[in-house]
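Notes follow the structure.
The values are calculated or read from the model by the stated rules, or taken from the named source; none is laboratory data. Given the structure is predicted, the values throughout are model-derived calculations rather than measurements. Because the Cβ atoms are built from the backbone with ideal geometry, glycine has one as well, and the counts that use them run over all protein chains shown. The area values use the complete protein model at the heavy-atom level, side chains included, leaving out ligands, DNA and RNA. Shrake-Rupley method; radii C 1.70, N 1.55, O 1.52, S 1.80 Å.
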Amino acid sequence: MKWDEFFVTGEPMIYASMVAIVLVSIAIPVALTYFKKWGYLWREWLTTVDHKKIGVMYIISALLMLFRGGVDALLMRAQTAIPENGLLDAQHYNEIFTTHGVIMILFMAMPFVIGLMNVVVPLQIGARDVAFPRLNAVSFWLFFAGAMLFNISFIIGGSPDAGWTAYFPLSSLEFSPTVGNNYYSLALQISGIGTLMTGINFIVTIIKMRAPGMTLMKMPMFSWSILITNVIIVFAFPVLTVALALMMLDRQFGTQFFAMQNGGMDMLWANLFWVWGHPEVYIVILPAFGIYSEVISTFARKNLYGYKSMVFSMIAISVLSFLVWVHHFYTMGHGVMVNSVFSITTMAIAVPTGVKIFNWLFTLRKGKISFTTPMLYALAFIPIFTIGGVTGVMLAMASADYQYHNTMFLVAHFHYVLIPGTVFAVIAGYHYWFPKVFGFRLNEKLGKLAFWFIAISFNVTFFPLFILGLNGMTRRMYTYSASTGFGPLNMLSAIGACGLAIGFILLVYNIYYSVRYSPRDETGDPWDARSLEWSTHSPVPVYNFAKVPEIHRLDEFWFAKKEKRSLAEGAFEPIHMPSNNGQPFIMGVIFFFLGFFMVFSLWIPAIISGIAILGTMAYRSFERDHGYYISVEEIKKTENTTRGEAM
């Protein structure tokens with residue numbers, strides 16, 4: 001392979017990105033050396049198995065990917081802002097809308113949800129860590145390796161260009177001869193294995209490690225949503241892993257699973273992808289429902305209305321999520337009977353979703369509502385998500401979908417579901433639980449300013465796409481003539497996208513401002529919240545709870561506060577904790593190189609990398625590491641010096 005084939009050339013933006021990557025790659029080690037932080041980075045972060053720090057690393061990664069995918073979105077809106085624009089050519093536009101979709105769904109929304117899950121769930125159920133701390137670290141580093149592998153494609157080899165769904169034959173060697181879709185198949189496999197591990201880990205954690213007395217029906221709604229989400233992960237992600245493996249075999253070894261000849265079937269890919277892909281939508285939305293339930297209940301100063309119906313509606317959604325995948329390709333030749341069945345199941349999923357909307361509204365009714373930043377996102381979610389849901393019912397009608405499906409109407413619907421349904425939620429959760437992790441709240445004025453930019457700009461960006469779609473603008477159209485009349489609404493959408501960018505910049509600036517100026521929380525419970533995570537100190541000690549609380553009812557912490565009693569009575573005992581370990585980080589690095597070598601069919605170094613991974617696993621099998629104990633004296637010292645609830 002020649003150097004000009006190895007590196008992407010010819011685009012000024014790519015050259016600028018290369019320079020930026022080189023400068024950042026130099027700046028980071030220089031800064032770590034200058035401030036003498038190498039040891040701290042290794043001890044506290046790269047080798048950590050603490051679920052809270054792993055959660056923080058997931059969230060930081062998600063914020064980075066938010067801006068990476070956001071740049072793609074801005075470029076797409078800029079390209080379509082005016083007729084016959086020459087900012088991007090057709091190939092570059094294909095690559096950008098492909099990477100935007102993959103990054104935002106799999107490398108932004110998923111890690112943000114998993115980050116909040118890592119931080120909050122063990123605290124909510126009264127556990128000191130997850131069931132398998134080392135496996136949790138492996139999960140993160142595999143996700144991170146996959147994300148980094150996918151992101152280097154735009155400067156080395158070329159990005160995937162067949163859309164985020166990678167339909168065959170578009171993603172076959174015949175139509176996509178570059179290595180871009182090799183990156184797609186391998187990066188998603190690596191990160192997907194990490195996500196599957198997370199699913200197993202958190203199911204075991206929630207089932208086996210709840211505090212004494214906490215039955216499933218006394219568990220906070222966020223933890224319920226996470227349990228159901230991880231069950232979906234365990235059933236759905238193996239399908240994606242198998243599909244990606246078959247894609248890799250087709251592209252790199254000449255098999256023809258998805259070919260259009262010799263017994264292959266391109267529709268097999270579409271079915272396998274959406275058997276995973278539609279449950280994936282609920283993998284990122286169900287935790288959002290859990291976040292909104294916690295936020296609305298806290299800031300309405302009421303218990304959640306219809307707790308049992310909320311649980312059963314989430315279970316119903318999880319079951320139905322596996323029975324609707326064909327609505328993603330009504331237009332691809334299925335018969336009337338098949339389309340009718342999946343039209344009915346698609347409409348049916350609106351029923352349990354509607355139950356949840358009414359439960360939140362009844363929770364708000366007669367509540368003493370505090371309009372905090374997290375609550376604003378929760379309140380904005382309800383009407384905006386309802387628009388997304390109603391247009392989803394429109395798309396569920398197979399006959400109507402023939403008109404809507406390949407238009408910008410569908411793009412608008414998709415964003416009206418996922419942005420308020422996931423992005424608003426993770427931002428709300430990020431503001432809500434930030435003081436639990438770091439010991440201070442994010443600035444409310446900046447948070448609310450960012451909210452109004454994001455909420456208003458979102459509607460300015462995406463509502464015009466409904467009208468454009470109904471007027472005939474197809475999705476993936478990278479240019480159009482002035483005679484179509486699409487120009488004004490596309491320009492309005494581009495202006496809204498700039499407003500969204502400002503909102504997200506304010507979101508990150510708020511971290512810097514709050515680190516410097518926000519007062520430190522001395523209570524451990526700055527929101528006067530209801531669930532168990534607020535009963536311990538802020539920031540949370542490594543062991544979470546000096547005494548594991550005993551639970552007698554839902555919202556035990558809320559009632560304990562009202563009754564002026566402590567949940568941590570009794571004598572301390574030594575606490576067993578897992579030791580930090582560098583193997584998960586090392587394994588993630590090796591997986592990155594394994595994927596990179598396989599992308600370019602460099603089989604000898606790929607085999608060596610595979611052997612190295614097996615070596616780390618073998619070493620772990622013979623390793624004797626039983627963790628360590630925190631003595632009673634250390635616990636007392638920590639409890640006496642940590643500001644929080646008096647023990």
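When each of Thr195, Thr165, Thr178, Thr205 is tested for being out of contact with any Leu (no Cβ under 7 Å at 6 or more places or on another chain), β-branched (Val, Ile, Thr) and free of Cβ contacts under 8 Å to residues at least 60 places away in the same chain, the lone residue that passes is Thr178. Within the stretch 68-107, restricting attention to residues that are open to solvent by 30 Å² or more (accessible area, probe 1.4 Å) and polar (S, T, N, Q), the residue that is modelled with the lowest pLDDT is Gln91.
Where residues in the stretch 126-140 are out of contact with any His (no Cβ under 9 Å at 6 or more places or on another chain) and crowded, with 24+ Cβ neighbours inside 10 Å, which of them is nearest to Val548 (Cα to Cα)? Among them, the one singled out is Gly126.
Quick one: would you say Leu74 is assigned to a helix (DSSP H, G or I) and under 24 Å from Ser191 (Cα atoms)? No, not satisfied.
Here is the figure for the stretch 190-212: residues that are open to solvent by 40 Å² or more (accessible area, probe 1.4 Å) and outside any helix (DSSP H, G or I) total 3. Taking the stretch 530-647 as the region of interest, the helices (runs of 4 or more DSSP H) fully inside it that hold 3 or more residues being of a type in the set (A, V, I, L, M) and open to solvent by 30 Å² or more (accessible area, probe 1.4 Å) are 583-599, 603-622. Evaluating Leu87 against the criteria (1) closer than 26 Å to Leu468 by Cα; (2) free of Cβ contacts under 8 Å to residues at least 24 places away in the same chain; (3) part of a helix (DSSP H, G or I) leaves one unmet condition, (3). For the residues Phe462, Phe434, the requirement of being more than 19 Å from the chain's Cα centre (by Cα), open to solvent by 10 Å² or more (accessible area, probe 1.4 Å) and among the aromatic types (Phe, Trp, Tyr) singles out Phe462. Reported count of residues in the stretch 302-319, each being surrounded by fewer than 20 Cβ atoms within 10 Å (Cβ to Cβ) and of a type outside the set (Ser, Thr, Tyr), is 9.
Yes or no: the stretch 47-54 includes at least one residue that is at pLDDT 95 or above and under 15 Å from the mean Cα position of the chain (by Cα). Yes, the stretch 47-54 contains a residue that is at pLDDT 95 or above and under 15 Å from the mean Cα position of the chain (by Cα). The sole residue among Val460, Val437 that is outside any loop (DSSP other than H, G, I, E, B) and under 25 Å from Trp164 (Cα atoms) is Val460.
On the stretch given as the stretch 256-282, residues that are open to solvent by 10 Å² or more (accessible area, probe 1.4 Å) and part of a helix (DSSP H, G or I) total 10. Filtering the stretch 229-255 to residues that are under 18 Å from the mean Cα position of the chain (by Cα) and open to solvent by less than 10 Å² (accessible area, probe 1.4 Å) leaves Thr229, Asn230, Ile232, Ile233, Ala236, Phe237, Leu240. Restricting attention to the stretch 348-385, and to residues there that are of a type in the set (Phe, Trp, Tyr) and over 22 Å from the mean Cα position of the chain (by Cα), which single residue is least open to solvent (accessible area, probe 1.4 Å)? Of everything passing the filter in the stretch 348-385, Trp360 is least open to solvent (accessible area, probe 1.4 Å).
If you go through the stretch 25-57 and keep only what is open to solvent by 90 Å² or more (accessible area, probe 1.4 Å), of a type in the set (Lys, Arg) and either in contact with an Asp or Glu (Cβ under 9 Å, 6 or more places away or on another chain) or part of a helix (DSSP H, G or I) (or both), you end up with just Arg43.
Which residues, taken from the stretch 61-91, are under 17 Å from Thr165 (Cα atoms) and either more than 24 Å from the chain's Cα centre (by Cα) or of a type in the set (Asp, Glu) (or both)? Passing the criteria: Asp72, Gln91.
Touching a Ser or Thr at 6+ places or on another chain (Cβ under 7 Å), under 19 Å from Met108 (Cβ atoms) and open to solvent by less than 20 Å² (accessible area, probe 1.4 Å): is that true of Ile285 in this structure? For Ile285, the condition - touching a Ser or Thr at 6+ places or on another chain (Cβ under 7 Å), under 19 Å from Met108 (Cβ atoms) and open to solvent by less than 20 Å² (accessible area, probe 1.4 Å) - is met.
Return a yes/no flag: does the stretch 470-482 have any residue that is over 30 Å from Met214 (Cα atoms), out of contact with any Leu (no Cβ under 6 Å at 6 or more places or on another chain), without any contact (Cβ under 8 Å) to a residue 60 or more places away in the chain and in a helix (DSSP H, G or I). Talk me through it step by step, then tell me what you get.
Pass one, the stretch 470-482, residues over 30 Å from Met214 (Cα atoms): 470-482.
When the remaining residues are screened for being out of contact with any Leu (no Cβ under 6 Å at 6 or more places or on another chain), the result is 470-482.
From what's left, without any contact (Cβ under 8 Å) to a residue 60 or more places away in the chain: 471.
Now narrow it down to the ones that are in a helix (DSSP H, G or I): none.
No.
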